[in-house]
Amino acid sequence: MKRLYILGLTMFLAFSLVSCSNQNNDELDATSNQATLKQNQQNINEAVSRAIKSQSISYASGETATEGHIILDTEHKNGMVKVYLIASYGAFGFENGIFTKVSGSGSIPTVIKFSQDKNGEYTLLEYKEPMDGSDYTDSIKKMFPPHLHNKVLSAHDDYLDLEKQQEAQAKEYLKVIGRTAKVSAGYVEKQLVDIDVQASNRLFAEFTKDNPVLNDCPYWLGTTEKVENGTRYIYETSQNKTNDNFDLITFQKKNEDGTIVAEYKYKIVGSEPQLVD
């Protein structure tokens with residue numbers, strides 16, 4: 001009996017060890033799978049981010065490029081990955097000291113196609129947005145599977161989320177350059193010059209074509225900033241009065257320390273801007 005007891009105990013311990021080992025292996029496999037899924041998700045998010053920023057050529061340039069996206073679904077087939085998402089691009093720059101979205105898009109339903117190599121790296125193959133105007137809804141329905149139609153057709157509801165993503169990236173950029181400023185993807189309040197309409201059109205539509213400083217100065221009373229060959233410049237437009245009580249519009253390009261690099265002053269005589277020496 002004693003031998004049978006010892007044998008039974010031995011078998012029980014062996015079975016327990018095997019069961020424990022299998023459980024540990026299962027837990028390790030689950031953890032490994034979760035880590036792999038998380039890494040794949042991170043990789044595809046990074047690939048999507050790069051793809052959205054690659055569309056920057058369609059927009060006016062800013063100081064840094066940002067993007068926001070919400071992935072709705074993905075399809076994997078034969079080494080190809082198709083991503084269905086809502087995307088938004090934003091170029092940020094300084095307007096009146098506020099780091100804001102100076103150009104970009106709203107919420108755009110987008111389909112991006114990648115190839116994926118054995119190392120999990122993604123290569124952009126196709127970037128597709130819906131058609132404008134009356135063809136918008138039909139193109140959405142052709143681009144996206146039926147279960148996503150309702151979500152995609154109400155994409156504007158997601159813009160606040162996309163905006164927050166872009167603002168977060170803009171804040172990170174300011175940390176990198178060591179700059180403190182208010183960050184807002186929303187509209188920055190602007191005061192326009194108060195002069196004759198024809199004179200204003202000449203200054204801000206005609207004269208800017210031949211003068212790069214005027215072209216970079218804001219069309220409102222205030223400032224913008226631009227980094228040129230590693231140097232930051234402040235462009236400012238201001239309005240005052242001449243000694244003989246005519247409106248005076250001044251365009252300035254300055255260094256960060258306030259040193260004036262270039263300056264142009266225009267006396268407004270009726271509808272005619274006259275350059276003041």
Which residue fluctuates the most in the chain, going by a Gaussian network model with Cα springs under 10 Å, if the choices are 176, 111, 102? 176
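Over every pair of different alpha-carbon atoms in the chain, take the mean of 1/r and invert it; report that Kirkwood radius in Å.
23.6
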Can you give the extra length, in nm with one decimal, that the chain gains between residue 77 and residue 127 once fully stretched, where that is 0.36 nm per residue apart less the Cα-Cα distance? 16.3 nm
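Note down the Stokes-Einstein diffusion coefficient of segment 57-132 in µm²/s, whole number, using a Kirkwood radius over alpha carbon pairs, 20 °C, and 1.002 mPa s.
Taking Rh from Cα pairs, D becomes 152 µm²/s.
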Over segment 35-133, calculate the relative contact order: mean separation of alpha carbon pairs under 8 Å at least 6 apart, over the residue count, as a percent. 24
Length gain on complete extension for the stretch residue 197 to residue 272, per 0.36 nm per residue less the alpha carbon to alpha carbon distance? 26.0 nm
Along its principal axes, what span do the Cα atoms of segment 67-207 show, with the longest given first and each in whole Å? 62, 43, 28
Share of pairwise Cα separations in segment 166-230, more than 15 Å, in percent: 67
For the chain, built as a Gaussian network whose Cα springs stay under 10 Å, the top-fluctuating residue of 262, 51, 185: 262
Can you tell me how much longer the chain between residue 229 and residue 243 gets when fully stretched, taken as 0.36 nm per residue apart minus their C-alpha distance, in nm with one decimal? 1.2 nm
Hey, any idea what Rg/Rh is for segment 130-277, computing Rh the Kirkwood way over Cα pairs? 1.14
Could you compute the longest span of the chain free of GluC sites (Glu not before Pro) located in DSSP loops and having at most 16 other Cβ atoms within 10 Å, not counting the site residues? 1-120
Across 230, 93, 186, the residue with the highest GNM fluctuation in the chain (Cα network, 10 Å cutoff) is 230
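Before rounding to the nearest 500, sum -39500 (n - 2.57) across all DSSP H runs of length at least 4 in the chain and divide by the residue total; then give [θ] at 222 nm in deg cm²/dmol.
-11500 deg cm²/dmol
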The local net charge around residue 256, scoring Lys/Arg +1 and Asp/Glu -1 for residues other than residue 256 whose Cβ lies under 15 Å from its Cβ, equals 0
Of all accessible heavy-atom area on the chain, the percent that carbon and sulfur account for (1.4 Å): 50
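Which entries in 53/209; 82/151; 101/226; 209/241; 226/253; 113/171 show an alpha-carbon gap greater than 19 Å? Don't jump to the answer; show the numbers that get you there.
Details: 53/209 29 Å; 82/151 17 Å; 101/226 14 Å; 209/241 25 Å; 226/253 10 Å; 113/171 30 Å.
Over 19 Å apart, Cα to Cα: 53/209; 209/241; 113/171.
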Per residue accessible area of the chain, 1.4 Å probe, in Å²: 61
Where a Cα-Cα gap under 16 Å defines reach, which aspartates and glutamates qualify for residue 164, not counting those fewer than 8 residues away within the same chain? 67, 172
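The values are calculated or read from the model by the stated rules, or taken from the named source; none is laboratory data. Predicted model only: the values in this text are computed from it and were never measured. Because the Cβ atoms are built from the backbone with ideal geometry, glycine has one as well, and the counts that use them run over all protein chains shown. These accessible areas exclude ligands, DNA and RNA; they are computed on the full protein's heavy atoms, side chains included. Shrake-Rupley method; radii C 1.70, N 1.55, O 1.52, S 1.80 Å.
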